[in-house]
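Can you keep this structure in mind? I'll have questions shortly.
The values are calculated or read from the model by the stated rules, or taken from the named source; none is laboratory data. Everything quoted here is computed from the prediction, not taken from an experiment. Methodologically, a virtual Cβ is constructed for each residue, glycine included, from the backbone with ideal geometry; neighbour enumeration extends over all protein chains shown. For accessibility, only protein heavy atoms count, side chains too; no ligands or nucleic acids. Shrake-Rupley method; radii C 1.70, N 1.55, O 1.52, S 1.80 Å.
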Amino acid sequence: MTEKNYIIGYGSLMSLQSVLKTLKNLDVFKINILPIEIYGVERGWFTKSSRNNFTALGVVKNLASKFNGTLIGPLSKKQMYELDKREKRYKRIEIKKESIKTLKQNNLIPQDNIWIYTTKNKKLPTSRCPIIQTYIDVVISGSLEISKNFTKEFIETTTGWDGIWINDRKNPVYQRAVSLTEKQKQKIDKLFKK
């Protein structure tokens, strides 16, 4: 029997478009993307990107926190290796199934390996390493694929929105930026105005 792995997406990995930029041969018909809540972990603007100077989302242990995300899988060892290369600024750890709750009725948490990428060195956004709009666009477009309410919860359960931010849509800094229509951009901007 082959070992199955699942990864928790809580930032750019919530976007299937973004995942496919790394796992180009992923069979989207054999992958499950399950909306979940994770307990005992805090999501925020904590991780400095290694390639470009911007701050990405990360997670740190915090027993008083919870946030929403996605459970993606099953993934092969090779696919996990590819994601490990992509997420090299993070540490992949196994997460206890009791820390996860599914947000869809009649869905069960798989009894396989479940992993999450945690922040190695917590760093808050600075003027030299700000939050960038193209990264936000990837994350929000991924969460909108699930639902508008899921996206609102994403925004509410993420800390550090008061960090330094720049709009890089005209000259994208993020290497895995997604193409969005004007309508999609307006929808994302409207969510943040509220």
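Yes/no per residue for (1) out of contact with any His (no Cβ under 9 Å at 6 or more places or on another chain); (2) polar (S, T, N, Q); (3) open to solvent by 10 Å² or more (accessible area, probe 1.4 Å):
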residue	(1), (2), (3)
VAL19	yes, no, no
THR22	yes, yes, yes
ILE36	yes, no, no
TYR39	yes, no, yes
TRP45	yes, no, no
LEU57	yes, no, no
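What number of residues in region 1-12 are touching an Asp or Glu at 6+ places or on another chain (Cβ under 8 Å) and either open to solvent by less than 10 Å² (accessible area, probe 1.4 Å) or modelled with pLDDT of 90 or more (or both)?
Taking region 1-12 as the starting set, the residues that turn out to be touching an Asp or Glu at 6+ places or on another chain (Cβ under 8 Å) are 3-6.
Restricting the remaining residues to those that are either open to solvent by less than 10 Å² (accessible area, probe 1.4 Å) or modelled with pLDDT of 90 or more (or both) gives 5-6.
The total comes to 2.
Is there a residue being crowded, with 16+ Cβ neighbours inside 10 Å and in contact with a helix residue (DSSP H, G or I) (Cβ under 6 Å, 6 or more places away or on another chain) anywhere in region 95-105?
Pass one, region 95-105, residues crowded, with 16+ Cβ neighbours inside 10 Å: 95, 99-100, 103.
So of that shortlist, the ones also in contact with a helix residue (DSSP H, G or I) (Cβ under 6 Å, 6 or more places away or on another chain) come out as none.
There is no residue in region 95-105 that is crowded, with 16+ Cβ neighbours inside 10 Å and in contact with a helix residue (DSSP H, G or I) (Cβ under 6 Å, 6 or more places away or on another chain).
Still on this structure: Hey, CYS129 hits all of (1) under 17 Å from the mean Cα position of the chain (by Cα); (2) crowded, with 18+ Cβ neighbours inside 10 Å but one; which does it fall short on?
(1)
Residue under question is ILE109, and the condition is that it be surrounded by fewer than 18 Cβ atoms within 10 Å (Cβ to Cβ), over 30 Å from ILE166 (Cβ atoms) and in contact with a Lys or Arg (Cβ under 6 Å, 6 or more places away or on another chain); does it hold? Can you show your working first?
Working: surrounded by fewer than 18 Cβ atoms within 10 Å (Cβ to Cβ): yes; over 30 Å from ILE166 (Cβ atoms): yes; in contact with a Lys or Arg (Cβ under 6 Å, 6 or more places away or on another chain): yes.
Spelling it out, ILE109 is indeed surrounded by fewer than 18 Cβ atoms within 10 Å (Cβ to Cβ), over 30 Å from ILE166 (Cβ atoms) and in contact with a Lys or Arg (Cβ under 6 Å, 6 or more places away or on another chain).
If we only count strands (runs of 3 or more DSSP E) wholly inside region 28-124, which ones have 3 or more residues that are over 17 Å from ILE7 (Cβ atoms)?
On the way: elements: 32-48, 55-75, 90-94, 100-102, 113-119.
Filter on region 28-124 gives 32-48, 55-75.
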